[in-house]
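Values in this text are rule-based calculations from the coordinates and carry no lab data. Given the structure is predicted, the values throughout are model-derived calculations rather than measurements. Note that we place each Cβ from the backbone using ideal geometry, even for glycine, and neighbour counts take in every protein chain shown.
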Amino acid sequence: MSKSDKFEYDFLKQTFNGTPITNQSASGGSTNIWMALLTADPGDAGSTAAEGGYAAYARTISDRSTGATGWSVTSGTSAANASASPVGNIDFPQVATTSTGTFTHFATYPTSNGVAADMLYGGTVTPNINFGQNVIPRLTTGSSITED
């Protein structure tokens with residue numbers, strides 16, 4: 001089953017910019033989206049078992065907008081896929097302990113405490129994010145979520 005290129009674009013705009021989809025929704029919903037980092041693939045089930053990895057870790061909030069702390073959404077065509085990327089860096093809490101590891105995946109949730117079934121999107125972080133003492137894990141403007 002697939003979605004049209006336009007609907008993929010509209011759906012990303014609703015999810016990351018809060019823009020209602022004409023004839024589908026009257027409201028864009030909440031004004032925030034929560035980002036999570038994981039050390040393993042959450043899969044389609046949205047597993048949170050590998051979320052975090054250090055004591056100060058917490059999900060980080062991002063605006064569902066096109067503003068400085070929001071998202072840029074590009075439309076898909078037959079030659080390109082619709083995608084969403086942060087307008088600015090999304091920083092997670094600094095690692096204050098000697099914990100080390102590698103974040104290989106990220107996920108988005110509608111709330112700070114959303115459970116696995118609430119995951120909206122999940123995917124690979126490229127390049128992976130290595131974390132250790134005094135490191136601030138960060139998703140950059142080069143990070144993206146792509147439909148199709």
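Peptides 135-145, 112-122: what's the order by average Cβ count within 10 Å, highest mean first?
Order by mean packing, descending: 135-145, 112-122.
Might you report the magnitude of the Cβ-based charge dipole of the chain about its Cα centre, with Lys and Arg at +1 and Asp and Glu at -1, to the nearest 20 debye?
The dipole magnitude comes to about 260 debye.
Quick one: what are the phi-derived ³J(HN,Hα) couplings along region 54-65, Karplus 6.51/-1.76/1.60 with θ = phi - 60°, whole Hz, x for glycine and proline?
Those phi angles translate into 8, 4, 7, 4, 8, 4, 10, 7, 9, 6, 8, 7 Hz.
Projected area of the chain, taken from the Cα convex hull and averaged over every viewing direction, in nm²?
Reported value for the Cα convex hull: 8.9 nm².
For Cα pairs less than 8 Å apart in space and 6+ apart in sequence, what is the mean separation divided by the residue count of the chain, i.e. the relative contact order in percent?
It comes to 26 percent, rounded to a whole number.
Points 7 angstrom from Cα along the Cβ direction at A80 and Q24: gap in nanometres?
For A80 paired with Q24, the spin-label model returns 2.0 nm.
Let's test the formula: R0 of 35 Å, r as the Cβ-Cβ distance of K6 and T126. What FRET efficiency results, to the nearest 0.05?
According to the calculation, E is roughly 0.85.
Going highest first, how would you order 61-73, 19-31, 37-49 by mean Cβ packing within 10 Å?
Per-residue Cβ counts within 10 Å, averaged per peptide and sorted highest first, yield 61-73, 37-49, 19-31.
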